[in-house]
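Worksheet: the structure to be examined is printed underneath.
The values are calculated or read from the model by the stated rules, or taken from the named source; none is laboratory data. Since we're looking at a predicted model, the values are computed, not measured. Neighbour counts are summed over all protein chains in view; Cβ atoms, including those assigned to glycine, are modelled from backbone coordinates with ideal geometry.
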């Protein structure tokens with residue numbers, strides 16, 4: 001089993017250093033964006049909306065913004081790394097190394113998880129000044145943050161393997177990742193929607209990541225956390241299986 005992951009650690013370190021060297025752009029900028037969302041939406045709607053009965057809107061918004069930032073940046077890390085290596089031609093230096101598809105997967109997804117968690121923690125650390133958020137079930141917070149970041153890292157790997165230029169990655173993020181994130185209950189409770197849109201939202205796996213993560217803070221959610229955990233786990237396994245198969249076949253890596 002260890003042979004499958006041989007060489008994964010150096011590649012993982014390379015990927016972490018890649019984003020950490022420009023942390024002002026890859027970590028600080030998403031944190032600032034999340035704070036702006038909080039200031040604008042929280043200021044406008046705090047006095048008008050209560051969620052789950054008695055939770056203030058700003059407090060409700062904080063976990064959603066944390067998870068949204070975490071998911072988007074985990075995806076961006078693995079997808080941007082692969083497409084950048086393809087376009088610049090330095091992917092060849094990774095290809096000549098005797099790395100299995102398991103090593104590629106664990107390194108790229110692992111680095112994506114690190115970046116996602118770093119951004120999420122940064123958003124939480126800054127937004128807590130506006131609305132203190134103390135988890136009532138920290139275990140759920142950690143589980144959904146970890147699984148969500150891993151799933152988006154694997155999805156970014158799939159997108160990076162598929163894409164041949166930066167425009168395709170941008171299209172994948174703008175037309176798939178961003179709409180699914182924004183329509184997952186980041187800024188509202190899905191339970192407040194009409195029945196049709198509630199059912200539609202329940203088809204979105206991003207909803208379960210954010211709803212389960214939010215449960216860890218408030219102890220209440222739109223669906224039971226175990227349901228969210230099951231959906232997120234199945235989604236992670238499905239996306240990971242696709243990514244591993246593409247890596248194993250060398251899909252668009254040697255062309």
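With respect to residue 246, is the statement that it is at negative phi, more than 15 Å from the chain's Cα centre (by Cα) and surrounded by 14 or more Cβ atoms within 10 Å (Cβ to Cβ) true? The answer is yes for residue 246. If you check residue 66 against the conditions, is it modelled with pLDDT of 90 or more, crowded, with 24+ Cβ neighbours inside 10 Å and over 18 Å from residue 150 (Cα atoms)? No: the conditions fail for residue 66. Residue 36 satisfies every condition listed in (1) surrounded by fewer than 18 Cβ atoms within 10 Å (Cβ to Cβ); (2) under 22 Å from residue 217 (Cα atoms); (3) at pLDDT below 85 except (3). Any residue in the range 2-16 that is at positive phi sitting within a Cβ distance under 6 Å of a residue that is surrounded by 13 or more Cβ atoms within 10 Å (Cβ to Cβ) and modelled with pLDDT of 90 or more? List the pairs, counting only those 6 or more apart or interchain. Within 6 Å, the pairs are 7/103.
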